[in-house]
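Below you'll find the structure, written out as structure tokens, and then a few comments.
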Amino acid sequence: MLTYTPPMGWNSWNTFGANISDKLVRESADALVDLGFKDAGYNYVVIDDCWSKLERDENGRLAADEKKFPYGMKALSDYVHSKGLKFGMYSCCGVRTCANYPGSFEHEFVDAQTFADWGVDFLKYDFCYKPERANGEVLYRRMSMALRATGRDILLSACNWGVDNSGPWMRSAGANMYRSTGDIVDNFQSIKDIALSQVDKLCYGAPGCFNDMDMLVVGMYGKGNVGLGGCNDAEYRSHFALWCMFNSPLMIGCDIRTLTRESAELLKNKGLISINQNLDCRPSFVANSVDQHYAFARQLSNNEYAVGFFNMDETEGEVYCLLSDVGLTQDSGYAFEMTDVVTGEQLGTFREFCHPKIGAHDCKVYKGKLVKI
Ligand code: GAL
């Protein structure tokens, strides 16, 4: 299986858009290693749209823009691999990419071979400029087959934004992750809308193919290509915790070379990442929702549970979770030994409910070990 747990890495789009280069990708790969992101699990370095020439070369192949990538893609891929990382690129199932570069429609097999020749390990595959007559589901199946035909393991990251009710068919089409939402922007409203839109779709994510809630905006603070407004650290905490609770791939979208200490620590938070990467890969369920207060819970391996308390309101408040809604009865003889996964603080034993006080747009995530009392 190409990916058992949600893929993790860095993608150029959120911050850099078309403003990408060999230098940026090498420096970002260096930073992933030097700043400990690789050790935390982030191993894909992905170049998004705008990397190619505006037209195919004389042999009908995609060609890198020489101004942005003067040494070519194979050399860059070799560099990324030399750091122990994996190399990702981007194309589109339509005739042009979303930013109007050549797309892979009816060039799927030759393009897949080009990517394989360059040592690509991950292909993000978008949905713009798809001819009316073409069936999107078939186009994803086709690129999946073309990638397999190369004989190289290339992860297929489908990006059709959840249209055409893609949840039920993306796994069978061969995707390993699939964008189940529209594009994120760097503000809390966008984070909240994306997260809540997934609640009834989380059942489609499981080992091998995960709902992708889009690249992270943690650490952007309003700068860059999708930096519309920016968030504070509490909002980024909720964003990252939601993506972890909901098993989304974790693709960093900020400039990691200049990241603040708070954002770097959040993105490397072992407790939250351990929930995202939990081998049971079970979806979260809504344990409680009252107005703008949400408690999401999920089963983890080894008799553990995660409960995430999210205050999406504008004012501080207590977010409730009755543990009977997670499954625990008072006469069961069991209780939860809770730890705050963000701070590591041991919280004691709980049998009935938890109701942490949480600031506006902030969250707390507890891990509960089921113990006999
Ligand atoms: C969008 C996609 C974005 C980004 C962009 C590039 O369709 O959702 O994540 O890849 O295209 O043009």
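The calculated FRET efficiency for Asn302 paired with Glu55, based on their beta-carbon distance and R0 = 56 Å, is about 0.55. How high is the relative contact order of the chain? Use alpha-carbon pairs under 8 Å, at least six apart in sequence, and give a whole percent. Relative CO of the chain lands at 14 percent.
The C-alpha atoms of the chain define a longest principal axis, and helix 233-245 lies at about 80 degrees to it.
Extension gain, Asp280 to Glu262, is 3.6 nm, computed as 0.36 nm per intervening residue step minus the present C-alpha separation. Database remark: amide H of Ile358 closer than 5 angstrom to the amide H of Gly317, Glu318, Val319 (H placed geometrically; neighbours at sequence offset of 5 or more, or on other chains; Pro and chain starts carry no H).
Kirkwood hydrodynamic radius computed over region 272-373 comes to 13.7 Å, based on all pairs of distinct alpha carbons.
The Rg/Rh ratio for region 21-86 is 1.04, where Rg is the radius of gyration of the alpha carbons and Rh is the Kirkwood radius. Considering only Phe240, Cys363, Gln292, and ranking their Cα positions along the charge dipole of region 239-373 that arises from unit charges at the beta-carbon of Lys, Arg, Asp and Glu, the one farthest toward the positive end is Phe240.
Nearest 10 degrees, 0 to 90: what angle lies between the long axis of helix 22-34 and the longest principal axis of the chain (Cα atoms)? Roughly 30 degrees, rounded to the nearest 10.
How much length, in nm to one decimal, is gained on full extension between Glu316 and Gln292, taken as 0.36 nm per residue of separation minus their Cα-Cα distance?
7.5 nm
Report Rg/Rh for region 215-343, rounded to two decimals, where Rg is the Cα radius of gyration and Rh the Kirkwood radius. That ratio is 1.00, to two decimals.
Shape annotation for region 158-263: C-alpha extents along the principal axes are 40, 25, 23 Å, from largest to smallest.
If you take the beta carbon distance between Ala360 and Leu228 as r and set R0 to 22 Å, what does 1/(1 + (r/R0)^6) give as a FRET efficiency, to the nearest 0.05?
With R0 = 22 Å, the Cβ-Cβ based efficiency is 0.65.
Between Tyr71 and Asp164, the modelled labels are 3.8 nm apart [label points 7 Å from Cα along Cα→Cβ]. Protection proxy ranking of 12-23, 205-216, 64-75, by the mean of other Cβ atoms within 10 Å over each peptide's residues and highest first, is 205-216, 12-23, 64-75. For the chain, the spherically averaged projection of the C-alpha convex hull amounts to 17.9 nm².
With only Cα atoms counted, region 185-232 has Rg and Dmax values of 12.5, 34 Å.
Charge dipole (Cα centre; +1 on Lys/Arg Cβ, -1 on Asp/Glu Cβ; no other charges) of the chain amounts to roughly 840 debye. Calculate how steeply helix 72-82 sits against the longest principal axis of the alpha-carbon atoms of the chain, using the helix alpha-carbon long axis, and give the answer as 0 to 90 degrees to the nearest 10. Tilt relative to the chain: about 40 degrees. Across region 33-142, the fraction of Cα-Cα pairs farther apart than 21 Å, rounded to a whole number, is 38%. Relative to one another, the C-alpha centroids of region 120-156 and region 159-220 are positioned 17 Å apart.
Read the figures in this text as sums done on the coordinates, not as results from a lab. Owing to the predicted nature of the structure, the values given are computational and were not obtained by experimental measurement. Note that each Cβ is placed from the backbone with ideal geometry, even for glycine, and that neighbours are counted across all protein chains shown.
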